[in-house]
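Taking it in order: structure first as structure tokens, then the write-up.
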Amino acid sequence: MYKEDSITKAALKIIEESDDVLETKEIEEKILVSIKDVTRTKLFARLNNLRGSNEIRGKFVGPGKGVWIWWKKNMFSKEEKR
């Protein structure tokens with residue numbers, strides 16, 4: 001289990017309130033409005049913890065470095081049937 005902190009709470013709130021899939025950069029921009037000491041490394045670790053505890057979904061897309069996209073766990077109808 002992970003320790004829930006302000007970054008984790010803010011990221012989870014942003015993802016759950018969004019109707020779209022979000023990139024890590026988009027989440028970071030929204031969090032920086034309220035929390036100033038967020039780095040992409042810290043945020044990425046928190047997002048992976050949330051994904052690992054099955055609170056959100058995430059996927060790596062694109063060749064090379066690519067990007068991670070994140071969405072709420074019941075966003076797509078296929079997942080709602082589970």
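Every number in this text was worked out from the coordinates using simple rules, so none of it is lab data. Quick caveat: nothing in here was measured; it's all calculated off a predicted structure. Note: ideal-geometry Cβ built from the backbone for every residue, glycine included; neighbour counts use all protein chains shown.
Report the calculated FRET efficiency for E29 and E4 (r = Cβ-Cβ distance, R0 = 22 Å), to the nearest 0.05.
Details: r = 22 Å, r/R0 = 0.98.
Efficiency at R0 = 22 Å is approximately 0.55.
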Could you name the aspartates and glutamates whose alpha carbon sits less than 13 Å from that of K59, not counting residues in the same chain fewer than 8 places away? E23
Remind me, relative contact order of the chain in percent, using alpha carbon pairs under 8 angstrom and six or more residues apart? 33 percent
Rounded to the nearest 10, the angle in degrees between the Cα long axis of helix 40-52 and the longest principal axis of the Cα atoms of the chain comes to 30 degrees
Rounded to the nearest whole number, the Stokes-Einstein translational diffusion coefficient of the stretch 6-73 at 4 °C and 1.567 mPa s (Kirkwood radius, C-alpha pairs) in µm²/s is 109 µm²/s
